[in-house]
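So the structure is just underneath, and the comments pick up after that.
The values are calculated or read from the model by the stated rules, or taken from the named source; none is laboratory data. Note that the structure is a prediction, hence the values are computed from the model and not measured. Cβ atoms come from the backbone with ideal geometry, glycine included; neighbour counts cover every protein chain shown.
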Amino acid sequence: MGLLDIFKKSPASCDLPIIGVAESACPHCNTLLQRKPAKKTKCPQCGKFIYVRTRPQDQLKVLVTEQQADLLEEQWSIIKGTHEAYLAEKQKIQAERARLAKLFRAAPSENDIKWGLLGKGAMEHAVNGNWGFYRNARLQMAEVLRKESKLKQALSFYCWVCYLDLNGPRNTSGMKDQELLREFPPFHLKKDFLRLALSVG
Ligand SMILES: [Zn+2]
């Protein structure tokens, strides 16, 4: 079933407001743009960021502000039936934002929040024996560091991910049964141990 079919079958979608500019115009200042952008770009007139998203109601690519992009993400979650998970994630972000603001005595950056949540998530995955998810969180942390040009620190995280990959991490979902763990260990060294799952986006 395609997303449009899900939309048509979702009664909640009827009440959702139509968001975004379908034409080639800035959603902030309405200036006509020479070409409709295909990805996030800055408006040459007002200098604000323009985001490109798919609108659920008609599947059109529309130009939106950052706030509208969040609203569209929420609309999609309502249509796909994942609204509760969406709200829970938003709540987590808000709690981390408040925690860091108290700690720093200043507003944290989006990257600070992402970093904090990834670190917490990694710890939870480790406690639950989900070493595959742990590895994914560490890779995302490496990416945060790379994007902030903290290359030495990023390299150490990438090396850590390589080390984990070489040992074949698995998710054991908090399993404590020793017999099952012997059969399905949290790390399973593959014969082809030189093949790394690492791919840097
Ligand atoms: Zn503009």
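So here's what we get for this one:
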read-out: Odd one out for GLU110, checked against (1) within 16 Å of the ligand (Cβ to nearest atom); (2) at pLDDT below 95; (3) among the acidic types (Asp, Glu); value: (1)
read-out: Yes/no for GLU84 being modelled with pLDDT of 95 or more, among the acidic types (Asp, Glu) and either surrounded by 12 or more Cβ atoms within 10 Å (Cβ to Cβ) or within 15 Å of the ligand (Cβ to nearest atom) (or both); value: no
read-out: Number of the condition not met by TYR158 [criteria: (1) in contact (Cβ under 8 Å) with a residue 12 or more places away in the chain; (2) among the hydroxyl-bearing types (Ser, Thr, Tyr); (3) in a loop (DSSP other than H, G, I, E, B)]; value: (3)
read-out: Total residues in segment 48-70, condition acidic (Asp, Glu) and in a helix (DSSP H, G or I); value: 2
